[in-house]
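The structure under discussion appears below in the form of structure tokens.
Read the figures in this text as sums done on the coordinates, not as results from a lab. On a predicted model such as this, the values are computed, not experimentally measured, just so you know. Methodologically, a virtual Cβ is constructed for each residue, glycine included, from the backbone with ideal geometry; neighbour enumeration extends over all protein chains shown.
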Amino acid sequence: MSAVILDNSLVHYEVFGRGQPVIFLHSWLGSWRYWVPLMEAIADRYRTYAIDFWGFGDSDRSRKNYSIPDYVDQVIGFMRELGIARANLVGHGLGGMVAIRAATERPENFLKVVAACTPVIGESLTALVKPGTLARLFGRGSSADVWIKLLRQVEVGGEAMDEVIEDTASTSTAVVEKVLDSVIEADLRSDLRRLQVPALGIYAEKDTIVSIDQIRQFEDNATNHQAILIPKGTHFPFLDQTNTIARLLLEFFASQGTTPVQIKEQWKRRTSQLEYL
């Protein structure tokens, strides 16, 4: 376990591999652990970092504020503390929103940005904050344990997935409420229009959390950037289609200018995730 202190608060992170830095940012539930298969898949070419946002995983849970601006500051502070001058950013959901906002505000610090299953317009997630929905997300008072059921539907098993689910179940409802309030208020359309760093939006055909309508918002507002749809992908495409997503990242990071990336048939080869876990 590795950690740094930022703003008097502990930030937990893990790091694999060597090469150009890639920083992975998790979503509004979960932790760094669900990035393990993807980190392992590209670690022979990149130095991969995954951090726990404050309030999640093994990072400090005693702070008062949990919002997108707080997490942007956390990412910038983390890079400064570790001496990372420039990095690629990969974010999922909330993490994707933080990645886009950070790269818009500090383009000199980032090479490329990947946002997976990320709402461009936060209001599209209002269903998540309806009365009782958070209880279902945490499995309290209902058998409809939405988030954990989504994780269990991914064909990945073993101790690592158990740890992801444990992290999810242990997250404070109060923290998630504050995070979702910030997410709902966010509108990334202007950020995408101003974003100078090359960006790739990844969306999934069978995502039941972030509507695929958000891919149009990404494409309409992301000048000279690209969005791609993962056929049959779930809200966790980097878990259920790790090989495809890893190849997309490698091609995108290596691409020059605005050359678009495409899913190739040979990338769809079924890869057992157990070898990574």
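The simple spin-label model puts a point 7 Å past each Cα toward its Cβ; for residue 212 and residue 170 those points are separated by 3.7 nm. Going from the residue with the fewest nearby Cβ atoms within 10 Å to the one with the most, 264, 64 rank 64, 264. Taking each residue as 0.36 nm, the span from residue 1 to residue 177 lengthens on full extension beyond its C-alpha to C-alpha distance by 60.6 nm.
Of the residues 97, 79, the one with the fewest other Cβ atoms within 10 Å heads the list, and the complete ranking is 79, 97.
For residue 188, the shell of other residues with beta-carbons less than 15 Å away shows a net charge of -3, using +1 for Lys and Arg and -1 for Asp and Glu.
Centre-to-centre, using Cα atoms only, the range 230-245 and the range 8-36 are separated by 19 Å. Backbone N atoms of the range 88-118 closer than 13 Å to the 7 Å Cα→Cβ label point of residue 255 belong to residues 112-115. Note on 76, 230, 165: ascending count of other Cβ atoms within 10 Å places them as 76, 165, 230, the fewest first. Under the simplified labelling scheme, the residue 229-residue 126 pair shows an inter-label distance of 2.5 nm, with each label point 7 Å from Cα along Cα→Cβ.
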